[in-house]
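Participant: Before we start, here is the structure in question, set down as structure tokens.
Please treat every number below as a calculation from the coordinates, not as lab data. Keep in mind that this is a model prediction, so the values were computed, not measured. FYI the Cβ positions are ideal-geometry reconstructions off the backbone, even for glycines, and counts take in every protein chain you see.
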Amino acid sequence: MRPFALDRWHDFIKSHDEKALWDLLHPDAVFESPVVHTPQRGRDITFKYLASAGSVLGGPGFKYLGEWRNENGAVLEFENEVEGIKINGVDIITFSDDGRQITHFKVMVRPLKAINLLHRLMGEQLAKATAAAG
């Protein structure tokens, strides 16, 4: 059975509706980035990272290549090309027991050039988001 939150995630990827993303995240959600050493804990910071990633990676070339699921999670392989660099990675998503919210989101990316590019672009996007909020 496909968790309801997975359908909602795919809807967010298409719409970039930040309200929908906020509602999709569990208050205690944890985000693990390919470039940040420690897990980021809580809905606020998880939202900032995922909304920023949507802006950086979620352009017209973004697509999921494959999807593997179990009763409480999914692994989604993605790719896109940004600034001439092909980015390939996976989103590893865990859902709440009722399947309605994301509780854990881990991103893994390859190759190294892509990680370095994302590190720079995500830093710039997060700085913009912080400036706009402040």
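Participant: Over all directions, how big on average is the projection of the convex hull of the alpha-carbon atoms in region 5-132, in square nanometres?
Facilitator: If you wrap the Cα atoms of region 5-132 in a convex hull and average its projections, you get 7.4 nm².
Participant: For Glu124 and Asp17, FRET efficiency with R0 = 30 Å and r from the beta-carbon atoms, rounded to 0.05?
Facilitator: E(calc), rounded to 0.05, equals 0.85.
Participant: Counting Lys and Arg as +1 and Asp and Glu as -1, each charge on the Cβ, what is the dipole of the chain about the Cα centre in debye, to the nearest 20?
Facilitator: Dipole about the Cα centre, nearest 20: 300 debye.
Participant: Shifting gears a bit: Suppose a student asked you for the relative contact order of region 5-132, using Cα pairs under 8 Å spaced at least 6 residues apart; what percent would you report?
Facilitator: So the answer I get is 24 percent.
Participant: Place +1 on the Cβ of every Lys and Arg and -1 on the Cβ of every Asp and Glu in the chain, take the dipole about the Cα centre, and give the residue among Thr130, Ile13, Ile93 whose Cα lies farthest towards its positive end.
Facilitator: My answer, from the dipole projection, is Thr130.
Participant: Assign unit charges at the C-beta atoms only (+1 for Lys and Arg, -1 for Asp and Glu), then state the dipole size of region 54-113 relative to its Cα centre in Debye, rounded to the nearest 20.
Facilitator: Here region 54-113 has a charge dipole of around 200 debye.
Participant: For region 1-110, which GluC sites (Glu not before Pro) are both in a DSSP coil and crowded by at most 16 other Cβ atoms within 10 Å?
Facilitator: Glu71, Glu83
Participant: Sticking with this structure for a sec: Which one of His26, His37, His104 has the biggest mean-square fluctuation once the chain is modelled by GNM with Cα springs under 10 Å?
Facilitator: His37
Participant: For region 99-114 and region 67-98, what is the separation of their C-alpha centers, rounded to whole Å?
Facilitator: Centre-to-centre (Cα) distance: 6 Å.
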